1. If residue 9 satisfies every condition in (1) surrounded by 17 or more Cβ atoms within 10 Å (Cβ to Cβ); (2) without any contact (Cβ under 8 Å) to a residue 12 or more places away in the chain; (3) under 16 Å from residue 88 (Cα atoms) but one, which is the exception?
2. When you go through (1) closer than 26 Å to residue 126 by Cα; (2) more than 28 Å from the chain's Cα centre (by Cα) one by one for residue 37, which number turns out not to apply?
3. Of the numbered conditions (1) more than 26 Å from residue 29 (Cα to Cα); (2) in a helix (DSSP H, G or I), residue 73 satisfies every one except a single condition; which is it?
4. Mind listing whichever residues of region 66-84 are surrounded by fewer than 21 Cβ atoms within 10 Å (Cβ to Cβ) and under 15 Å from residue 41 (Cβ atoms)?
């Protein structure tokens, strides 16, 4: 396998190994990607490592892969995943015969991870990192609902237009400033207003009648 002595070939082999192994973690392919990935990485390590060194290099690679899986299934915050990527990068770089070869091997590894993301658009995805996605969604929904409720409490309250409305601007209600809309009505700055409705983050106001008009 003298052809694996070439840095460009090593780059391609590491890229394909990573592409399929990470792809196996991300999408459902009935183990096909896993088999292909293991075949390529076995070919790579079989050529570059031998003797006692093979044990710790393989342990480094396998340990990094396990950390990525652990991150996806348990923690889901990316911390262990990053550590795993670093360990796997070291494992493919250390046994290479030169600096250029090592750099290309690491680059092929990282490029393989990025390339594996394309599989998400083609194949059914697995549940890795769903916990993180769900957490972000719940946090976003919670923040939106909290803001929505606080804005609804403004309905019926009176305040002042801090800027001219044509038809959007800024109001002040009970010492707090809010962005609002007048629904097409032009309102000058300094005019007293009343909050008519609040739908999501959209606050609709109207101009209050002047005291003279009210008394009449």
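The values are calculated or read from the model by the stated rules, or taken from the named source; none is laboratory data. Keep in mind that this is a model prediction, so the values were computed, not measured. So basically every Cβ, Gly included, is an ideal-geometry build from the backbone, and we count neighbours across all protein chains shown.
1. Status for residue 9: all satisfied but (3).
2. (2)
3. (1)
4. 66
Yes/no matrix, rows are residues, columns are (1) farther than 24 Å from residue 99 by Cβ; (2) buried (at least 17 other Cβ atoms within 10 Å of the Cβ); (3) free of Cβ contacts under 8 Å to residues at least 24 places away in the same chain:
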site	(1), (2), (3)
3	no, no, yes
24	yes, yes, yes
35	yes, no, yes
38	yes, no, yes
57	no, yes, no
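To keep it simple, each residue is scored yes or no on (1) in contact with a helix residue (DSSP H, G or I) (Cβ under 6 Å, 6 or more places away or on another chain); (2) modelled with pLDDT of 80 or more; (3) in a strand (DSSP E or B).
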| position | (1), (2), (3) |
| --- | --- |
| 128 | yes, no, no |
| 132 | no, no, no |
| 138 | no, no, no |
| 141 | no, no, no |
| 150 | no, no, no |
| 169 | no, yes, yes |
| 179 | no, yes, yes |
| 184 | no, no, no |
| 198 | yes, yes, yes |
